[in-house]
1. Write down the Å³ per residue value for the convex hull defined by the alpha carbon atoms of segment 1-157.
2. Extending each Cα 7 Å along its Cβ direction at residue 22 and residue 63, get the distance between those two points in nm, one decimal.
3. For residue 90, enumerate residues with amide H under 5 Å from its amide H, sequence gap 5+ or separate chain, H modeled in the peptide plane.
4. Quick one: helix 158-171 against the long Cα principal axis of the chain, what's the angle to the nearest 10°, folded into 0 to 90?
5. Please report the net charge: other residues with Cβ closer than 14 Å to the Cβ of residue 155, K and R +1, D and E -1.
6. Quick one: compute the contact order of segment 4-143, relative version, from alpha carbon pairs under 8 angstrom and 6+ residues apart, as a percent.
7. For the chain, give the magnitude of the charge dipole about the Cα centre (Cβ charges: +1 Lys/Arg, -1 Asp/Glu; no others), in debye to the nearest 20.
8. Starting from the Cα of residue 168, draw a straight line to each of the aspartates and glutamates and keep only those under 14 Å, dropping any in the same chain fewer than 8 residues away.
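The values are calculated or read from the model by the stated rules, or taken from the named source; none is laboratory data. These numbers were taken from a predicted model, which means no experiment stands behind them. No Cβ is skipped: glycine too gets one built from the backbone with ideal geometry, and neighbour counts run over all protein chains shown. The accessibility values were calculated without ligands, DNA or RNA, using every heavy atom of the protein model including side chains. Shrake-Rupley method; radii C 1.70, N 1.55, O 1.52, S 1.80 Å.
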Amino acid sequence: MDKEKALDKIKKCLALSKSANEHEAAQALRQAQALMEKYEVNAVDIALSQVSEQKADRKMAFKLADWQWGVANMIADIFGCQSYQRGKTMMFYGIGNRAEISAYAFDVVYRQISADRRKFLKTCRARKPAHRTYLADQFCGGWILGAYETVKKFEMSDEEKAIMDGYKKKEYPYMTEARTRDAKSSILQGSTMEYEALTHGMESGKQVQLHHAMNGTDGVQKIVEQK
């Protein structure tokens with residue numbers, strides 16, 4: 001038996017140790033302690049084993065715009081996860097099935113914001129490609145703000161925060177902040193067109209409802225709804 005299988009067995013024994021049957025509970029606890037000693041497993045190992053990772057299906061660019069990271073960060077906040085990029089893949093990690101739910105939600109929300117971005121560009125009055133990209137980025141930034149207004153951030157307990165921090169330190173001690181690529185325009189900054197793009201985005205983002213479907217994969221399909 002390797003350490004991973006031993007961890008699974010230890011967790012099952014610890015669950016049984018909470019049984020109402022005192023004899024069964026004591027026996028399960030003794031077995032868990034014996035396995036922990038044999039395989040050099042401690043309480044921290046058991047806690048960190050609750051964390052799982054899941055990749056989103058959508059392929060991303062190597063260097064993302066601020067609004068693209070904004071989508072990932074919003075999803076992570078809502079569903080109690082953390083996100084990072086591995087190559088062209090957006091990854092999520094969290095306790096229990098939260099990473100799976102977050103990865104699914106990211107794909108759905110990213111698809112929706114991308115579709116709304118394309119619609120915005122069809123009506124955008126700017127002519128220069130750089131100006132159109134800048135305004136579309138402002139639209140997406142507003143979209144994320146609007147979506148945030150309709151949801152409640154998932155509040156992790158102090159214990160869960162400690163587990164997540166411990167997992168990051170163990171698995172990704174050298175993780176650095178990602179660099180973003182962003183369109184800039186000194187001409188449009190502070191302009192009416194910028195304001196209109198932002199407010200239009202906010203109104204579009206408010207049409208998307210995100211739900212805390214934390215009760216297994218059956219609830220995943222109901223996470224995102226369009227009003």
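1. Values: hull volume 21.3 nm³, N = 157.
Each residue corresponds to 135 Å³ of Cα convex hull volume.
2. Reported label-point gap for residue 22 and residue 63 is 6.8 nm.
3. Hits under the 5 Å cutoff: 56, 60.
4. Tilt of helix 158-171: around 90 degrees.
5. Values: positive: 98, 152, 153, 161; negative: 77, 158, 159, 160.
Taking every other residue near residue 155 into account, the sum is 0.
6. Details: 147 pairs, mean separation 26.4, N = 140.
It rounds to 19 percent for segment 4-143.
7. Once rounded to the nearest 20, the dipole reads 1180 debye.
8. 45, 53, 160, 177
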